Amino acid sequence: METFWFAAVIVIAYFLGNISPSTLLGRAMGIDIKKAGSGNAGTTNALRVLGKKAALITLVVDIGKGFLAVELGYALSTPTAAMCCAMAAFFGHIWPLLFHFKGGKGVAVAFGTILAINWQMALIMLGIVILLVLLSRMVSVGSIAAGISFPFICYWLERDFFWFGLIMAAVLLYAHRSNIKRVVRGEENKLSFSRKKGGK
């Protein structure tokens, strides 16, 4: 019976990861998020293409589904299952069966899973992202820096999760490969923190 629940929560976690708020919100607005902006179904592209409200909904849902997937693993099976659920939700977000395996880049859902496993680790990762985004004005740089540092933080604070974290970090960096190329070439989009004067 335990093996059944172990497998069941992992499958549920994967399909929780499939939920794509930006894709669904885009469809409601008559926009295909996969063909607009960067073509990514994540918060940053939702902000650019769909607006602030849609971006906030996308962020909250993506974090929430990662958190819920891990909590289901803890509640219905074992801590090991919870860690497998973290990976399943993460993979389900990046490669969603329900959306032809075209999803987001996994940053928000990864944060949600980490928050459920170890909130201190999640806060450190959030701090790294915020710091690097403020310094570089590029969301991708914060995400890439968090991905690189994640296995080391796992080894320090949550050693049982180290190998899971290493795989997730490698996949996250792979998902950001186009961003990495643009950063190196100096072509990556930057955020503007200043308000336009007299603009509409």
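Points to keep in mind about this one:
- Karplus-derived HN-Hα couplings along region 6-20 (A = 6.51, B = -1.76, C = 1.60, θ = phi - 60°), whole Hz, x at Gly and Pro: 4, 5, 5, 5, 5, 5, 4, 4, 4, 6, 4, x, 5, 4, 10
- Which of Phe67, Phe162 has the fewest Cβ neighbours within 10 Å, and the rest in rising order: Phe162, Phe67
- In terms of other Cβ atoms within 10 Å, His93, His100, His176 run from fewest to most in the order His100, His176, His93.
- Note on region 104-183 and region 1-60: Cα centroid distance 18 Å, given to the nearest whole angstrom.
- Cα-Cα separations in region 88-200 greater than 16 Å, expressed as whole percent: 62 percent
- Neighbour-count order for Lys102, Lys35, Lys65, fewest beta carbons within 10 angstrom listed first: Lys35, Lys102, Lys65
The numbers here are math on the coordinates, done by the rules we state, and not lab data. On a predicted model such as this, the values are computed, not experimentally measured, just so you know. Positions of Cβ are backbone-derived with ideal geometry, glycine not excepted, and every protein chain shown enters the neighbour counts.
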